[in-house]
1. E631 accessible area, nearest 10 Å², 1.4 Å probe?
2. At 0.890 mPa s and 25 °C, plugging the Kirkwood radius over alpha-carbon pairs of the range 189-290 into Stokes-Einstein gives what diffusion coefficient in µm²/s?
3. Around K216, under 14 Å between beta carbons, what's the net of Lys plus Arg minus Asp minus Glu among the other residues?
4. Under the definition of Cα pairs under 8 Å and six or more residues apart, what whole-number percent is the relative contact order of the range 399-472?
5. For a Förster distance of 22 Å, can you work out the FRET efficiency between the beta-carbons of N694 and R606, rounded to the nearest 0.05?
6. Quick check for the range 458-513: number of Lys pairs with alpha-carbon distance under 13 Å, counting only pairs 8 or more apart or on different chains?
7. Using a 1.4 angstrom probe and counting only protein chains, how large is the accessible area of Y535 in Å², to 10?
8. Under 16 Å from the Cα of K165, which lysines turn up, not counting those fewer than eight places away in the same chain?
Amino acid sequence: MERLEFTIKEKEQALQLYQRIREQIASTLLPDDESRMRNHLLYTIEQCQVSRNIFGLNPILLAFQTAQLIVDEIGLRRDGVLAVLLRPSIEQGFLSVEEVKEQYGESVARILHGLQRIQELYQKNPVVETENFRNLLLSFAEDMRVILIMIADRVNLMRQIRDTKHIEAKREVSEEAAYLYAPLAHKLGLYKLKSELEDLSLKYLEHDAYYHIKEKLSATKKSRDAYIEQFIKPISERLTEAGLHFHIKGRTKSIHSIWQKMKKQKCPFEGVYDLFAIRVIIDTPIEKEKLQCWQAFAIVTSMYQPNPKRLRDWLSVPKSNGYESLHITVLGPDKKWVEVQIRTERMDEVAERGVAAHWRYKGVKSESGLDEWLTNIRSMLETSDGLDAMDQFKMDLYEDEVFVFTPKGDLFKFPKGATVLDFAYHIHSKIGNACVGARINNKVVTIRQQLQSGDQVEIMTSSTQKPRQEWMSIVKTSRAKSKIRLALKETQVKEGLFVKEMLERKFKNKKLELDEPTMQHLIKKLGFKEVSDFYRQIASGELDVNTVIERYIELQQGDGPVTGNNLAESAANFVLDESRLPKDNIHEDVLVIDRNLKGVDYQLARCCQPIYGDKVFGFVTVSGGIKIHREDCPNAPELKKRFGYRIVKAKWSGKGTSQYEITLRVIGNDDIGIVNNLTSIISREEKLILRSINIDSHDGLFSGNLTIMLNDTTRLESLIKKLRTVKGVKQVERL
């Protein structure tokens with residue numbers, strides 16, 4: 001490697017920057033920071049560990065220049081500066097992030113790790129002009145200082161490559177500045193840096209347009225300054241008379257902004273009327289800010305006719321990123337429209353430094369999470385005292401979104417929680433329907449694998465794969481769900497026609513006539529709400545055709561009723577025949593409450609469903625009635641603790657002749673016939689009635705609530721023991 005030799009000029013520049021930065025951040029440095037950094041830089045230079053970049057620029061001097069920029073323009077201190085100065089060694093592989101962590105601490109290492117991760121994105125060759133890529137950068141930055149340093153680094157590079165002979169590299173750097181870094185700077189409110197990036201990229205990419213506008217601005221500067229003075233003078237006098245402390249300045253639009261307006265309006269330079277804006281900045285205590293701003297507004301609009309359609313009041317309701325100001329366009333001398341911005345010193349400082357500037361100004365669309373995020377960091381950056389808090393600040397921007405690549409480098413955005421299957425359907429319906437998994441970063445994963453920002457995803461397909469109903473619970477996006485729904489309908493139609501033909505053929509072979517009303521009655525008796533579900537189970541083999549024919553003959557001949565309980569099926573398809581449920585029972589058992597009181601009006605608490613034989617207690621309600629709770633009721637401890645004076649003793653007497661409602665929670669394998677086995681145990685037991693059943697099946701497991709009418713705890717304990725013996729049942733408990 002060629003030795004990095006500093007020129008005399010570079011040495012002088014580096015030394016000046018070193019001394020200036022040291023003075024500015026001295027209060028934030030740790031005792032060994034300066035000596036450790038000085039030794040590192042000297043060793044790096046002596047050992048030829050860094051070389052000049054493609055433009056022939058000195059990377060260490062570039063690092064000092066960027067460090068100065070982040071201190072002056074953004075307000076970063078110790079951690080940001082150290083990360084910038086160590087970055088050349090990290091990028092060229094002569095220093096590791098772990099070594100930085102040991103020597104300079106977690107915060108500096110975290111910034112460098114973030115810069116490293118973002119550098120890896122470029123190797124995937126994504127399209128940097130896209131909004132998605134800018135969002136991906138933001139979501140990749142664990143610490144927002146990473147993005148701030150990237151922007152400052154690009155501004156500095158753009159300043160230094162003015163005279164380079166590497167035209168192609170200069171063009172590439174300038175395009176990235178325009179498409180990527182300037183919009184990022186705008187989103188973060190770094191107005192000055194954003195304007196500089198745009199102007200420099202225009203200067204390098206469209207040289208003639210840049211200098212045409214610059215020359216026109218220079219030529220009209222004298223007349224423009226004179227007009228501004230003519231406009232300002234009477235306003236200044238009136239504001240002074242009103243007793244306001246203020247200063248007024250004119251701000252000329254950036255060259256890039258003028259060029260964009262010329263292109264949009266298809267007009268020459270002379271056709272752009274609002275080349276400048278007047279800013280009235282009031283020096284006032286914070287409690288008088290609004291009052292004095294509106295006072296200034298009244299004075300300006302009384303002197304010059306305002307355009308009410310061009311009023312922007314960010315004083316009454318500040319922008320969500322903290323920007324506060326009054327904007328009004330008025331008709332000035334010579335019938336020229338002039339924009340006037342009214343704000344206080346505090347508001348101007350915040351906006352000028354860029355931290356809370358109007359990043360959505362003129363058509364920049366809002367992004368989820370950004371408003372709140374900017375509001376949170378504004379207070380940290382407004383004062384130097386708050387900068388230390390940045391060390392602990394982690395960026396959670398775009399926490400609801402992930403950005404992933406195709407193998408070709410195309411970039412897609414998905415909601416957080418989206419899976420491989422979502423990605424497949426995003427590409428094409430056919431790819432989604434045939435998806436069996438994917439390779440993510442060259443590792444094979446299932447269709448259920450959730451996507452993470454930065455993943456490179458390659459979908460794997462199979463000609464034998466078909467969409468399934470359970471896929472609906474795997475995907476996150478509405479696009480994928482609608483495509484699966486459509487595919488399932490198409491599959492059901494095909495399966496339905498196939499199964500219908502097969503049934504007709506089987507009936508014909510057995511010399512049976514297929515009567516449509518009888519078949520519809522059978523389908524309903526078998527527990528199917530939809531004919532398509534009936535056909536689907538036959539097609540999948542869950543329901544045997546011969547069994548259907550047997551049940552059809554039984555129904556036709558009237559040999560016996562066919563119900564859902566007679567047929568072995570999975571828990572997911574079980575439907576209880578509610579027409580056979582009994583009406584509510586009236587409790588005839590006797591409860592002895594408090595001191596042998598009988599005949600007292602009481603109700604059984606719904607929260608714990610006590611039955612005859614349970615250990616119980618009474619709770620006197622506000623209305624004066626008594627609610628009976630089980631001793632092990634989940635609410636019992638709180639009731640006794642807070643309302644002990646309303647607790648009364650209670651116990652059962654009598655013989656337990658009434659029936660009570662209880663709910664059992666059952667969890668087990670979703671095996672064919674398991675529901676039939678459970679319900680048959682209940683139906684065989686005398687004086688036990690299944691009142692309702694609610695079952696949810698997912699990924700081979702089922703969980704269900706069985707509501708049962710029974711007499712007492714003895715029968716309940718016996719029932720629980722029997723249900724636990726059913727093959728596949730994992731757990732039975734009373735709720």
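1. Result for E631: roughly 80 Å² accessible.
2. 155 µm²/s
3. Local net charge: +3.
4. Normalised by residue count, the contact order of the range 399-472 is 34 percent.
5. It comes to 0.85.
6. The result is 5.
7. Its accessible surface works out to 40 Å², give or take rounding.
8. Those lysines meeting the cut-off are K203.
The values are calculated or read from the model by the stated rules, or taken from the named source; none is laboratory data. In this text, all values refer to a predicted model and were calculated from it rather than measured experimentally. Because the Cβ atoms are built from the backbone with ideal geometry, glycine has one as well, and the counts that use them run over all protein chains shown. Surface areas here come from the heavy atoms of the whole protein model, side chains and all, with no ligands, DNA or RNA. Shrake-Rupley method; radii C 1.70, N 1.55, O 1.52, S 1.80 Å.
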